[in-house]
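To start, the structure itself, in structure tokens.
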Amino acid sequence: MLNIKKLMHINRKIIIIFIFIFTFVISNTNFTKNTVNNLSANPLTSFPKNINGWGGQNLKIEKTNRLFKIMSTREIILRLYKKPDNKNKINLTLVLADNKSKVHDPKICYKLQGFEFLDKKIIKLAPNLNVNFIKTKKSGKEYLFMYWYTDLESNYTTRISFWKEIILKKLMNKPIKSYGIIILYTPVENTENLKKFALKTNNILLNRS
Amino acid sequence: MKKFSFNLAVLFALCLLYLKHFPLWAKEWFDFDSFYSFFPFLILFGIQFFKIKTEELKKTEINPTNLGLIPLTTGILIYYTGIKSEVDFLSGLSLPLLISGIILFLYGKKIFMIILPVIILFSLSLPIIPIFRLTTPLQIFLAGAAAKILNFLNINASAVGSNIFIGKYLVTIEAGCTGVRSLSSLLVVNFLLFYFKNISVLKKVSIVLFSLLISFVGNIIRILLINFYIIYNGIKGAEGFHYYIGLGVFIISLLIILVINEFIEDDKIVEYKEINAY
């Protein structure tokens, strides 16, 4: 009786060992080779400096900046777009990376920079584009923020919906073109221009990808 | 010929699953600047725990339960999803589930309940929690508090987000400056010292709350000292000062906890004996 009990116990261990080894093998084997994140044709390099009359100027950031510990200069654009009258200014942060860990929640970064979040809503700019629309305040001045996530095929409003899609695609061995986020901000009186600029940016990214 | 150990084989198979995670986790566990640097204290806790509980574990009846298949299956599915989707949080999260599943499936509920504290602490030590989400409000609060104290001392300073502007200098409160790092280590040291002490739960909770307070106040003092250093000496050498002052605050906090440990005596257990009246 005791031997049978011992045998049962060993059998259970063998089952566990077998399951673990099997799981290790199937989890770490690529059955298809179509999940490669190919950024060789990086749309960032060709992202226009002139968009509907807004002229863009790259913001100078020191190479020692912590930002570049996370990602390379090829994966991010930090640009200030303005109209010739110099009144309408829009800040663009565009990240298109090969790794989702490089796409952060912008609320955290901007809060740490001193932006106070006053009001947040989701607005629909186009059938394929819902964006986060946030009113913020920094040093007594109000700003409007707009941001959304993209994989260059679809857009996502929340990080969770973006991650969910990534996980599903990965599980089904579908390719992911890129891990991206688009952040725009401007002084509060510039709302309509911000919406137009967001639509244009989205069209450029989805058409060129 | 030496007998084949199936226990070792199970452990090996489990380690195989996390082979590619271990280098990254080990880097976090043994880096003083990391939130997870309390891991060495956890090893001490584990050794002490199993030393004390060996007899109890030996005496406890092994009664495997198929209930262990629930955490095992869940753990396997989460692991698979985590690895395939490259979400380290998921693959890391599967480890405590698999450990729990193994123990329930092989040894049963009683043994599982005995070693549950070690499983919980080990789970917390896995470097998968997005700590920066917890520290953001603290970073902003501490920058504001430090600027207010400096203003109170007639020093011109202002806080914007997690940045403190003092004259021409800018001091940024990083996640590590919020005290969560020393707090995590202090909490594990607390666990190590007071878990085995025969004191009431109320006392244990009070000690944990007290270490929270020590860590919080210690870090405000640390930030102020760094600010004073920059005001009087400039930015040169501030990085080194920042490191040593952090270490100093941690050692002082640790000493306070050790002193408390010395002074707290075990609660007396009063035994009522029935007296035979006849």
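The values are calculated or read from the model by the stated rules, or taken from the named source; none is laboratory data. Please read these numbers as outputs of a predicted model, since none were measured by experiment. Cβ sites come from the backbone with ideal geometry, for glycine too, and all protein chains shown count toward neighbours. Please note that ligands, DNA and RNA were not included when accessible areas were found on the heavy atoms of the full protein model with its side chains. Shrake-Rupley method; radii C 1.70, N 1.55, O 1.52, S 1.80 Å.
Descriptive notes on the structure:
- Positions within region B:197-225 being farther than 14 Å from residue B:142 by Cβ and open to solvent by 70 Å² or more (accessible area, probe 1.4 Å), in sequence order: B:201, B:202, B:203, B:205, B:209, B:210, B:212, B:213
- For region B:50-74, the candidate set comprises residues that are out of contact with any strand residue (DSSP E or B) (no Cβ under 8 Å at 6 or more places or on another chain) and hydrophobic (A, V, I, L, M, F, W, C); within that set, the residue that is farthest from the other protein chains (Cβ to nearest Cβ) is B:52.
- Which listed residue is under 30 Å from residue B:171 (Cα atoms) and touching a residue at least 60 places away in the same chain (Cβ under 8 Å), from A:176, A:183: A:183
- Answer from B:263, B:194, B:241 - the residue that is aromatic (Phe, Trp, Tyr), closer than 27 Å to residue B:120 by Cα and either more than 22 Å from the chain's Cα centre (by Cα) or open to solvent by less than 50 Å² (accessible area, probe 1.4 Å) (or both): B:194
- Residue ID - most open to solvent (accessible area, probe 1.4 Å), chosen from residues in region A:169-193 that are hydrophobic (A, V, I, L, M, F, W, C) and modelled with pLDDT under 90: A:172
- Among the residues here, residue B:17 qualifies as within 14 Å of another protein chain (Cβ to nearest Cβ), of a type outside the set (Val, Ile, Thr) and surrounded by 13 or more Cβ atoms within 10 Å (Cβ to Cβ).
- Subset of region A:194-209 (residues that are among the aliphatic types (A, V, I, L, M) and open to solvent by less than 30 Å² (accessible area, probe 1.4 Å)): A:194, A:198, A:204, A:205
- Residues located in region B:92-137, provided they are farther than 24 Å from residue B:41 by Cα, more than 17 Å from the chain's Cα centre (by Cα) and within 13 Å of chain A (Cβ to nearest Cβ): B:101, B:102, B:104, B:105, B:106, B:107, B:108, B:136, B:137
- Scanning region A:61-101 for residues that are part of a strand (DSSP E or B) and either polar (S, T, N, Q) or out of contact with any helix residue (DSSP H, G or I) (no Cβ under 8 Å at 6 or more places or on another chain) (or both) turns up A:77, A:78, A:79, A:80, A:82, A:91, A:93.
- Residue in region B:150-167 that is within 12 Å of chain A (Cβ to nearest Cβ), touching a residue at least 24 places away in the same chain (Cβ under 8 Å), part of a helix (DSSP H, G or I) and open to solvent by less than 60 Å² (accessible area, probe 1.4 Å) present: no
- A search for C-beta distances below 8 Å between a residue of region B:45-74 that is within 20 Å of residue A:8 (Cα to Cα) and any residue that is among the β-branched types (Val, Ile, Thr), counting only pairs 6+ apart in sequence or on different chains, returns B:60/B:111; B:60/B:114; B:62/B:111; B:68/B:102; B:68/B:103; B:72/A:16; B:72/A:19; B:72/B:102.
- Restricting attention to region B:75-91, the residues being more than 17 Å from residue B:127 (Cα to Cα) and facing chain A (nearest Cβ under 7 Å) number 5.
- Scanning region B:45-97 for residues being surrounded by 14 or more Cβ atoms within 10 Å (Cβ to Cβ), assigned to a loop (DSSP other than H, G, I, E, B) and not hydroxyl-bearing (Ser, Thr, Tyr) gives a total of 3.
- One residue alone among A:143, A:156 is under 12 Å from the mean Cα position of the chain (by Cα) and within 22 Å of residue A:199 (Cα to Cα), and that residue is A:156.
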